[in-house]
Amino acid sequence: MWSSDSANMTYLAQHPLFDQIKELHEDIAIPEYCCAGGGELQSLNAWFGPQGTVTPLHHDPHHNLFAQVLGRKYFRLYPSSVSGDLYPHTETMLSNTSQVDLDNIDEKEFPRTQDIEFMDGILEEGDLLYIPPKWWHYVRSLSISFSVSFWWRTHLASGSS
C-alpha cells in the first residue's frame, strides 16, 4: 500500500478485492478493449482511499485501463522513451519506480526531470484512462475515491506485450 505522509491515512492500493468478494466481481464488466488483439486479462484491482493518497511515479508491465468509479484523481503520464530522465531505482525490486518525488523535485539531484514534457489530467467519476505498458504515471486522489484497474497483455504475432 502507498500513501502520502499522513500517519493516519490508509489506502487500499492495487488490491484483488474482486477475488475476495465474489458478489462485487459480478458488478464489474470487463471492457472489450482488454480482449482486443487476443488480449488476456492479467489482473483486476481495486484502489480505495481518502483525498491526498499518492501513488508515486512508476510504470507497469501490462496494458492498463483505469476506471474512476467514485471521486476524482489527478494523473501525470510520461512515455517510456524518457525512462532514463526519470531516474528509476537501480534495485531490481524497484526498477519500475522513479527516485523522483514529483511533489518536491530536487532539481540538483534530478536535473533532467524538470524539462521533460508530460501529459496530465483529472479523472472524474465514469472516466476511463488507457495507460500503455511501461508508461510512467503518478496519481493523486483529489477526493475520497474508488477506482478499478484492468491489466491485460496481448499475444500478437510480433511478440509485443
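The values are calculated or read from the model by the stated rules, or taken from the named source; none is laboratory data. Please read these numbers as outputs of a predicted model, since none were measured by experiment. In this analysis, Cβ positions are derived from the backbone assuming ideal geometry, glycine residues included, and neighbour counts consider all displayed protein chains.
The table for this structure:
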read-out: From the options 67, 46, residue that is under 14 Å from residue 151 (Cα atoms), touching an Asp or Glu at 6+ places or on another chain (Cβ under 8 Å) and surrounded by 18 or more Cβ atoms within 10 Å (Cβ to Cβ); value: 67
read-out: Residue pairs meeting the criteria (Cβ under 9 Å; at least 6 apart or on separate chains; first over 17 Å from residue 80 (Cβ atoms), in region 108-121; second part of a loop (DSSP other than H, G, I, E, B) and polar (S, T, N, Q)); value: 109/99; 110/99
read-out: Lone unmet requirement of (1) β-branched (Val, Ile, Thr); (2) at pLDDT 85 or above; (3) exposed (fewer than 15 other Cβ atoms within 10 Å of the Cβ) for residue 53; value: (3)
read-out: Region 105-129: number of residues that are within 17 Å of the chain's Cα centre (by Cα) and surrounded by fewer than 13 Cβ atoms within 10 Å (Cβ to Cβ); value: 6
read-out: Conditions (1) part of a loop (DSSP other than H, G, I, E, B); (2) on the phi < 0 side of the Ramachandran plot; (3) surrounded by 11 or more Cβ atoms within 10 Å (Cβ to Cβ); (4) within 20 Å of the chain's Cα centre (by Cα); number of the one not met by residue 134; value: (2)
read-out: Test result for residue 100, in contact (Cβ under 8 Å) with a residue 40 or more places away in the chain, surrounded by fewer than 18 Cβ atoms within 10 Å (Cβ to Cβ), aliphatic (A, V, I, L, M) and not in a strand (DSSP E or B); value: no
read-out: Residue identified as free of Cβ contacts under 8 Å to residues at least 40 places away in the same chain and either touching a strand residue (DSSP E or B) at 6+ places or on another chain (Cβ under 9 Å) or β-branched (Val, Ile, Thr) (or both) among 12, 44; value: 12
read-out: Some residue of region 19-42 being among the basic types (Lys, Arg) and surrounded by fewer than 12 Cβ atoms within 10 Å (Cβ to Cβ); value: yes
read-out: Residues located in region 80-90, provided they are touching a strand residue (DSSP E or B) at 6+ places or on another chain (Cβ under 9 Å) and surrounded by fewer than 15 Cβ atoms within 10 Å (Cβ to Cβ); value: 80, 89
read-out: Residue 139 in contact with a Ser or Thr (Cβ under 8 Å, 6 or more places away or on another chain), in contact (Cβ under 8 Å) with a residue 60 or more places away in the chain, closer than 19 Å to residue 49 by Cβ and among the β-branched types (Val, Ile, Thr); value: yes
read-out: Close pairs from region 59-72: first closer than 13 Å to residue 137 by Cα, partner among the β-branched types (Val, Ile, Thr), Cβ under 7 Å, at least 6 apart; value: 64/131; 66/131
read-out: Residue check, residue 161 of a type in the set (S, T, N, Q), out of contact with any helix residue (DSSP H, G or I) (no Cβ under 7 Å at 6 or more places or on another chain), at pLDDT below 95 and surrounded by 12 or more Cβ atoms within 10 Å (Cβ to Cβ); value: yes
